[in-house]
């Protein structure tokens, strides 16, 4: 049985079936990310002035990843245009570029995630805090509570008797973060410690949720594009117009992924 409207447009919508389907799917995606962005806004506006973290993310790295993703959108358009012009070789080249750029984006994001999981905030018994990247950790939890051993971090010690993201002004945070050296902290002096994972603060929770979900979309889109570049490209020999439509559909999804990041970058990295 032949499925109708796989190439020619439907009379009621003016679109072929796959394009109708992808637009309905993207509408549901807008609602999903819209709910998460709304959550971010509510979390942020509910915080007292000066209590929302700023400067926890590496802006140059985020900018580089933005350029990578925007470039991948250009290459996927070029791949679709090559199909429209019956230039299969150019399609293979541009789609390969898209896959490589997607892998680059995920690689950079993995680097950012690793940086957060090795970045610790350590509460000391005297009310101070130490903040920095873990260099060495020989801590062992004691049965009666507390720690034995020591940790070495590359960071700074905060003199204020509050944690780093509760310093009430940007100037106070900047003053507290002056100096960056290796600090050895004995386990007996440690009250508690936590890395900058999703559990550390509402900001890191929404950061990992939004960027993690977006990264899953990037990986999923890259898998589809990879299939169309590889085994799926066999359709080009039997039905090039239908194959071109598939490239267009995958491209629409990829542009949506790119658009979501264009919102994520300024919201999480710059504001």
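The values are calculated or read from the model by the stated rules, or taken from the named source; none is laboratory data. Bear in mind that the values here come from a model prediction, so they are computed numbers and not experimental data. FYI the Cβ positions are ideal-geometry reconstructions off the backbone, even for glycines, and counts take in every protein chain you see.
Testing residue 51 on (1) crowded, with 18+ Cβ neighbours inside 10 Å; (2) at pLDDT below 95; (3) assigned by TED's automatic domain parsing to the domain that holds residue 208, one condition comes back false. Which one is that? Here residue 51 meets the rest and fails (1).
Only one entry of 26, 69, 42, 36 meets the criterion of being assigned to a helix (DSSP H, G or I), in contact with a helix residue (DSSP H, G or I) (Cβ under 7 Å, 6 or more places away or on another chain) and within 21 Å of residue 205 (Cα to Cα), and that entry is 36.
Within the range 100-132, track down each residue that is part of a strand (DSSP E or B) and either surrounded by fewer than 18 Cβ atoms within 10 Å (Cβ to Cβ) or in contact (Cβ under 8 Å) with a residue 40 or more places away in the chain (or both). Steps first, answer last, please.
Of all residues in the range 100-132, those part of a strand (DSSP E or B) come to 119-124, 129-132.
Those that are part of a strand (DSSP E or B) and either surrounded by fewer than 18 Cβ atoms within 10 Å (Cβ to Cβ) or in contact (Cβ under 8 Å) with a residue 40 or more places away in the chain (or both): 119, 120, 121, 122, 123, 124, 130, 131, 132.
The single condition among (1) assigned to a helix (DSSP H, G or I); (2) at pLDDT 60 or above that residue 152 does not satisfy is (1).
Consider residue 173 carefully, then state whether it is part of a helix (DSSP H, G or I), modelled with pLDDT under 90 and either assigned by TED's automatic domain parsing to the domain that holds residue 230 or at negative phi (or both).
Details: part of a helix (DSSP H, G or I): yes; modelled with pLDDT under 90: yes; either assigned by TED's automatic domain parsing to the domain that holds residue 230 or at negative phi (or both): yes.
So residue 173 fits the description; yes.
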